[in-house]
Amino acid sequence: MRLLSRMLPALLLPLSFACAASWKSDLGNWFKQAQPPPAGATALDNSQIVSGLREALAQGTTKAINQLGRTDGFWGDAAVRIPLPSPLSGIENSLRQFGQGPRLDEFQLTLNRAAERAVPQVADIFGNAVRQMSVADARAILDGPQDAATRYFQRTASDSLRVKILPIVRGATAGVGVTQSYKQLSAKAGPLLQLSGHAVPDLDNYVTDKALAGLFTTIAAEEARIRTNPAARGTELLKQVFGSH
């Protein structure tokens, strides 16, 4: 713990990230390619359900990416803000009492900025998940709980999302002194802290996990809103599909 206190004064370098702006067009293109199956005498209802669910998924993921993939998308939202990792989280109050508050805040802000930078890059992955959605998937989502669509994304896209987000997070933290110092500190102090029962997570994996959790939390909130609030259904098809349940 003393080692942490001595090292933390060095953890202070500003960081700013420019969120990518191309995700909107990418997401739109992917969903346009996700055409419903041909409608037949018995497939018309299935076609409407699949089309309606695709619209709902497009609306939910677009809002989530737009909300989180901007400056303060994570940092400004207490529901998804990435907290300090261990062991800092366990001694945060003590460190603040010793005047380390500004440095802790800068370090935490850096983690959230890395997540905000990564989120806009995943639109194509959600598009792929929608393209692969079967009629059975669509019916299960429609008849399922309020977060059924979110669970579908978690089941089908989590691995791809992680593969896409982790390198972006790693790149965002690699060039910043505040996170580099923490990584060096973790490498040196980690074994000793583990002996005392304190796990030291890999920083980039930690941010990636929290970014994914925040993304799915936001998608789930929008999904529940579409299901329960008719005013949130932006098209006639959404009103028709969800209005029947």
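Normalised per residue, the accessible area of the range 68-125 is 39 Å², obtained with a 1.4 Å probe and no contribution from ligands, DNA or RNA. With the simple spin-label model, which puts each label point 7 Å out from Cα in the Cβ direction, the Gln146 to Ala231 separation comes to 1.7 nm.
Converting phi to 3J(HN,Hα) with the Karplus coefficients 6.51, -1.76 and 1.60 and the offset θ = phi - 60°, the range 72-89 yields 6, x, 8, 4, x, 10, 4, 6, 10, 4, 7, x, 5, x, 6, x, 4, 4 Hz in sequence order, with x at every glycine or proline.
Counting 0.36 nm for each residue step from Asp124 to Lys239 and taking away their Cα separation leaves a gain of 38.8 nm. In sequence order, the range 90-96 has phi-based couplings of x, 10, 4, 4, 5, 5, 5 Hz under the Karplus curve 6.51 cos²θ - 1.76 cosθ + 1.60, θ = phi - 60°, and Gly or Pro positions carry x. Taking a straight Cα-Cα cut-off under 12 Å and skipping sequence neighbours fewer than 8 places away in the same chain, the aspartates and glutamates within cross-link reach of Lys210 are Glu116. Averaged over residues, the count of other Cβ atoms within 10 Å places the peptides 134-140, 203-209, 117-123, 54-60 in the sequence 117-123, 54-60, 203-209, 134-140, highest first. Between Asp202 and Gln180, the simple spin-label model (points 7 angstrom out along Cα→Cβ) gives 2.0 nm. If you take all other residues with their beta carbon under 12 Å from the beta carbon of Leu104, and give Lys and Arg +1 and Asp and Glu -1, the sum is -1. With a Förster radius of 35 Å applied to the C-beta separation of Ala187 and Arg70, the computed FRET efficiency comes to 0.60.
The values are calculated or read from the model by the stated rules, or taken from the named source; none is laboratory data. Since we're looking at a predicted model, the values are computed, not measured. Backbone-built Cβ (ideal geometry, glycine too); neighbour counts: all protein chains shown. These area figures cover heavy atoms from the full protein model, side chains too; ligands, DNA and RNA do not enter into them. Shrake-Rupley method; radii C 1.70, N 1.55, O 1.52, S 1.80 Å.
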